[in-house]
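Take a look at the structure below.
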Amino acid sequence: MRRPRHLSPEERAIWDHVARQAQPLNPKKPKPAPEAKAPPKRPSSVVPQRDLPDFTVGMKADIARSHDILPPLRERLQRAPIQMDAKNFMRMKSGKLKPEGRLDLHGMYRDEAYPELIAFILNAQAAGKRLVLVITGKGTSSDDWAGGRGVLRRQVPQWLQLPPIGPAVLEVRPAHLKHGGDGAYYVYLRRRK
C-alpha cells in the first residue's frame with residue numbers, strides 16, 4: 001500500500017502565505033466554534049435474537065411454519081378473487097362453458113408468442129367473444145424456477161395483466177382437463193364498450 005504524501009516545508013510555507021491573504025466569502029457570518037465531535041456510532045453487527053423454539057437433538061422440526069416463498073402459479077390463479085359472475089365461473093371451471101376461440105402458443109418462442117397473444121385477445125374482444133382458450137404447453141415439472149422450459153406457461157398470465165390487453169381481460173384461470181389442463185388457460189374477456 002502506498003504511503004500518503006505530506007507537504008514539504010516549501011509547500012507548507014506557500015500554503016500558509018495564501019491562506020493568510022484569503023478573504024472569507026461571507027464576512028458577516030462568524031465562524032462557528034469547533035466542537036468536539038463524538039465518534040459516529042457504528043451499527044451493531046449483532047443481529048437481534050428472535051424467540052427461537054427450544055430444540056434438542058433428536059427432536060422433529062416443525063414443518064408447518066409460514067415461509068416467504070410464492071405458492072405455485074396454478075395455486076395463485078385459483079386463489080385470486082373471482083371477477084366474473086359466479087354461475088359462468090362454475091360452468092367454466094367445470095369445463096361446461098365452451099371456449100369461443102383458441103390460440104395455440106405451444107412450441108413458440110417468447111418473442112413470437114407475445115405479439116400473437118396481443119392480436120388474438122384484441123381481435124376476440126372486438127368480435128364479441130367472451131371466453132377464449134390460450135394453450136401454452138405444460139413445460140417441465142421444474143418450470144416454476146426462472147429460466148428453462150415452460151416459459152410461456154409462466155409468462156402468459158403476466159402478459160394478460162399488462163397493457164394493451166390487460167383492460168380487455170376480466171378473468172384468467174387454468175383450463176379444465178378436457179381443454180388442456182395445466183397446459184392451457186381460460187381467458188374470460190370484458191364486453192367491449
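The values are calculated or read from the model by the stated rules, or taken from the named source; none is laboratory data. Note that this is a predicted model, so its numbers are computed, not measured. Remember, those area values only see protein heavy atoms, side chains included, never the ligands or the DNA or RNA. Shrake-Rupley method; radii C 1.70, N 1.55, O 1.52, S 1.80 Å.
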On the full set of protein chains, 1.4 Å probe, figure out the accessible area of ASP16 and give it in Å² to the nearest 10.
60 Å²
Rg/Rh ratio calculated on Cα atoms of segment 70-112 (Kirkwood radius)
1.07
For TYR114, tell me the accessible area in Å² from a 1.4 Å probe, rounded to the nearest 10.
70 Å²
Put MET108, MET84 in order of accessible area, largest first, probe 1.4 Å, and you get MET108, MET84
Whenever you get a sec, line up LYS93, LYS98 from highest to lowest accessible area (probe 1.4 Å, protein heavy atoms).
LYS98, LYS93
Violating pairs (Cα-Cα greater than 18 angstrom) within the set LYS96/LYS138; LYS129/LYS178; LYS96/LYS129; LYS87/LYS138:
LYS96/LYS138; LYS129/LYS178; LYS87/LYS138
